[in-house]
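Data block below; observations after.
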Amino acid sequence: MPRHYRAERAESADESVRWVVVDESFELHAAACLFLNGREWNTGRTYAPRVALYLSWCKEFGVEWTEPSMAQLLAFQRWLVEEPMAPRSRRPGAERRYRGKETANQITGTLTDFLRWCSLAGLGVPATVVVLLVEPRFLSIAPKGMDPGEEGQHLQIQGRRLKFKVAVPGYEWLTDEEILQILAATTRARDRFLVGLLAVTGMRIGEALGLRREDMHFLPNSRSLGCRVEGPHVHVRRRVNSNGAFAKSVEPRWIPVEEDTVGLYTEYRYEREEVAEAAGSDMVFVNLFRAPLGAAMRYDNAYELFKRLAERAGFRARPHMLRHSAITRWRREGVSPDVRQDLAGHKSPSSQARYSHASDQEKRDAVELVAERRRQRKRG
């Protein structure tokens, strides 16, 4: 199918970068751009191609994007899994690739958000379309801090209708050995500190890139900084940042760190002091090796870094995998669910469910435990 619309990176005069959707003449799609505006860089990077794909499909098949019927929405959903994707190679006989149902669900999820947002913003999407896309559902567990109401009336949410039934997979994560390999693949102190910090604290990449130097309380006692938390730790706060970094959690939190992390930060500070342009920035992670020197690191810088580290290490590695690894490690070490939830900045206890990765040893121990109990029953 021709791509009538596509996602593009747009750089403003202030050097901020955001994602937009353009047509074949590079004209901006106004509603799509408004939907993407203000979202964190990585979210825009994910959402923009999905919105562009839907708009391209509508133009190709003569569907008014603001008023699709249920039959047309279902046709789009089927098309996502039945239509082959563009081959990675242009050579004749290149293998045809298809989207899985989980990928289709991610696309229709973004589509649902897009059309709902356009309806609320008065951009031509009638409320009748939103009714087609969502249906009332009830939460089994109230998120932390939420008042469920006397009769549980606040537990009702709007669930998506346009969704394939698929098995829920676990999150990707890295073993302790793989994290050490990623650390060994770094060649600069700043990058080593970023990897080490994410691995220990379980922070999201947006939270790390939004850190200020005032958030780094790495002294044994921080009372001189006006903080009563004992021991080395880092504060995570939601702010408006020039690099677009965004802390997903509304509530601020603090996370303890280890002595090794403090050591990595010290090494990074020595490296940073060699770049005069970095002295005036309060951001923790700044550009030291490319222009503009001293400017806050952006999402695209961080993802390019992890792409290089993964190539050197020889396996897939992304920033969010370090978060999953930290939460998985806390679970295995017996950290209580409430503490894990607070450290991770999760609203709901149910968010922890997908981090229950079973290790080879845990599975072996489970089998041997059952076998031993069976032997005991036979002897009894």
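Values in this text are rule-based calculations from the coordinates and carry no lab data. Remember, predicted model here, so these are calculated numbers, not experimental data. Using ideal geometry, Cβ is built from the backbone for each residue, glycine included, and neighbour counts are taken over all protein chains shown.
Key figures for this structure:
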quantity: Ascending count of other beta-carbon atoms within 10 Å, so fewest first, for MET70, MET216, MET203; calculated: MET70, MET216, MET203
quantity: Rule-of-thumb Rg ratio for region 176-355 [Cα; 2.2 N^0.38 Å; N residues]; calculated: 1.00
quantity: Using a Förster distance of 35 Å, the FRET efficiency for ARG269-VAL335 (Cβ separation, nearest 0.05); calculated: 0.70
quantity: Those trypsin sites (Lys or Arg not before Pro) in region 271-314 that DSSP places in a loop and that have at most 15 other beta carbons within 10 Å; calculated: ARG290
quantity: Cut-off 18 Å, label 7 Å out along Cα→Cβ of GLU230, residues of region 184-211 by amide N; calculated: none
quantity: Between region 100-123 and region 203-231, the Cα center-to-center distance that results, in Å; calculated: 37 Å
quantity: Length added when fully stretched, SER12-ASP282, from 0.36 nm per residue minus Cα-Cα; calculated: 95.0 nm
quantity: Nonlocal amide H pairs with HIS233, under 5 Å, H built at 1.01 Å; calculated: HIS217, PHE218, LEU219, VAL257
